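The values are calculated or read from the model by the stated rules, or taken from the named source; none is laboratory data. Here the structure is a predicted model, which is why all the values come from computation and not from measurement. Heads up, the Cβs are rebuilt from the backbone with ideal geometry, glycines too, and the neighbour counts pull from every protein chain shown.
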Amino acid sequence: MLKYILILLVLLAIGGAAFIRFAPSDPAVWHVDPQVSADQDLASGVRRRIPGGEEAMATLDRIILSTPRTELLAGSVEEGRITYVTRSKWMGFPDYTTLELDGEVIELYARLRFGQADLGVNRARVEGWLQELRAQEAG
């Protein structure tokens with residue numbers, strides 16, 4: 001009996017991991033207005049307001065797309081809104097980042113999909129992107 005319980009637990013774990021890795025990302029759910037009124041560090045992600053216009057957004061787009069395990073979900077620089085999916089290395093947990101151009105300010109909202117807290121992963125990723133953006137603008 002114990003053997004069957006262990007097999008069931010292993011199958012449930014594999015099924016859960018497969019669901020997380022292969023769950024579809026619906027743009028209607030994730031490619032939405034980031035509604036950033038101020039910089040915020042949240043348990044589930046971060047919100048940032050970044051000075052810069054379309055040129056800064058295009059540079060940030062290139063930086064984000066060069067991040068490992070990151071792909072475009074929807075949008076473009078020309079549309080003024082872009083959403084990306086970045087997956088964790090081992091389990092493939094998806095995090096979503098949306099950029100929206102609001103005049104000369106880029107609104108950025110990075111958040112997790114599964115769980116209650118991202119343990120600072122989105123904040124660290126976004127801060128890395130912004131540091132690279134500042135370096136490219138300075139140089």
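May I ask you to verify whether residue 111 is part of a strand (DSSP E or B) and either in contact (Cβ under 8 Å) with a residue 60 or more places away in the chain or of a type in the set (Asp, Glu) (or both)? Walk me through how you get there before you give the answer.
On the way: part of a strand (DSSP E or B): yes; either in contact (Cβ under 8 Å) with a residue 60 or more places away in the chain or of a type in the set (Asp, Glu) (or both): yes.
When the stated conditions are applied, residue 111 passes them.
Of all residues in segment 14-54, those that are in contact (Cβ under 8 Å) with a residue 12 or more places away in the chain and of a type in the set (Asp, Glu) total 3.
Does residue 82 meet the test of being at pLDDT 95 or above, surrounded by 12 or more Cβ atoms within 10 Å (Cβ to Cβ) and in contact with an Asp or Glu (Cβ under 7 Å, 6 or more places away or on another chain)? Answer is yes for this residue.
A search for C-beta distances below 6 Å between a residue of segment 63-81 that is without any contact (Cβ under 8 Å) to a residue 60 or more places away in the chain and within 17 Å of residue 32 (Cβ to Cβ) and any residue that is of a type in the set (S, T, N, Q) and not in a loop (DSSP other than H, G, I, E, B), counting only pairs 6+ apart in sequence or on different chains, returns 73/83; 74/83; 75/83.
Can you tell me which of 87, 134 is closer than 24 Å to residue 52 by Cα and basic (Lys, Arg)? Can you show your working first?
On the way: 87 fails: closer than 24 Å to residue 52 by Cα.
When all the criteria are applied, what remains is 134.
Out of 100, 107, 127, I need the residue that is within 13 Å of residue 58 (Cα to Cα) and acidic (Asp, Glu). Which one? Give the derivation first.
Working: 107 fails: within 13 Å of residue 58 (Cα to Cα); 127 fails: within 13 Å of residue 58 (Cα to Cα).
Only one candidate passes the filter, namely 100.
Only one residue in 38, 43, 58 is of a type in the set (A, V, I, L, M, F, W, C), under 18 Å from residue 131 (Cβ atoms) and surrounded by fewer than 19 Cβ atoms within 10 Å (Cβ to Cβ). Which one? Let's see the steps before the verdict.
On the way: 38 fails: under 18 Å from residue 131 (Cβ atoms); 43 fails: under 18 Å from residue 131 (Cβ atoms).
Of the residues listed, the single one that is of a type in the set (A, V, I, L, M, F, W, C), under 18 Å from residue 131 (Cβ atoms) and surrounded by fewer than 19 Cβ atoms within 10 Å (Cβ to Cβ) is 58.
Residues of segment 105-139 that are in contact with a Pro (Cβ under 7 Å, 6 or more places away or on another chain) and more than 18 Å from residue 77 (Cβ to Cβ): 113 alone.
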